[in-house]
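Read the structure below first, then the notes.
The values are calculated or read from the model by the stated rules, or taken from the named source; none is laboratory data. What you are looking at is a predicted structure, and each value in this text was computed from that prediction instead of being measured. A quick note on method: Cβ atoms are made from the backbone with ideal geometry, for glycine too, and the neighbour counts reach across all protein chains shown.
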């Protein structure tokens, strides 16, 4: 009984198709950001009793997950690039990729052992610290930022003039027509 030879494994490919597939993880998060920015730029009025308020919580969480997946992909690409170019990387760097949403990694033994590893030069340590710190801070802040952008603005009354941050021009014109000047 003869043993068959195992096919060689390819660690890095130079295929553009694979590159576009790997970059596709950023598209849903980018689309969500563009939609949020366009909706915030467009003046729309949503009353506070509207039934879609509870759905906004789910949409905000979904957007947070998409953004964190995109940030994780960037951190993974950085560590993968370092591993391929240096042929070695401290094990603590890999554990950080699994904990991208937990900011407590920044004061964990894994993070600090990576920073003080003998295998990395001073520049590589600084770059690792910068990339991972920015990734963790972004991953921690995208959720609340997304949720705040999705909350409609409230209407406030000021000197008999109703001012709305998110309202249409026609609504403001009709409100200004009702103003009585002394």
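Things to note:
- Filter result for residue 148 (surrounded by fewer than 16 Cβ atoms within 10 Å (Cβ to Cβ) and under 24 Å from residue 37 (Cβ atoms)): yes
- If you go through region 1-42 and pick out every residue that is assigned to a loop (DSSP other than H, G, I, E, B), under 25 Å from the mean Cα position of the chain (by Cα) and in contact (Cβ under 8 Å) with a residue 12 or more places away in the chain, you end up with 1.
- Residues located in region 54-107, provided they are touching a helix residue (DSSP H, G or I) at 6+ places or on another chain (Cβ under 7 Å) and not in a helix (DSSP H, G or I): 89, 90, 99, 100, 101
For (1) within 14 Å of the chain's Cα centre (by Cα); (2) surrounded by 12 or more Cβ atoms within 10 Å (Cβ to Cβ); (3) on the phi > 0 side of the Ramachandran plot; (4) not assigned by TED's automatic domain parsing to the domain that holds residue 69, each residue gets a yes or a no:
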site	(1), (2), (3), (4)
80	no, yes, no, no
94	no, yes, no, no
97	no, yes, no, no
114	no, yes, no, no
118	no, no, no, no
122	no, no, no, no
128	no, yes, no, no
141	yes, yes, no, no
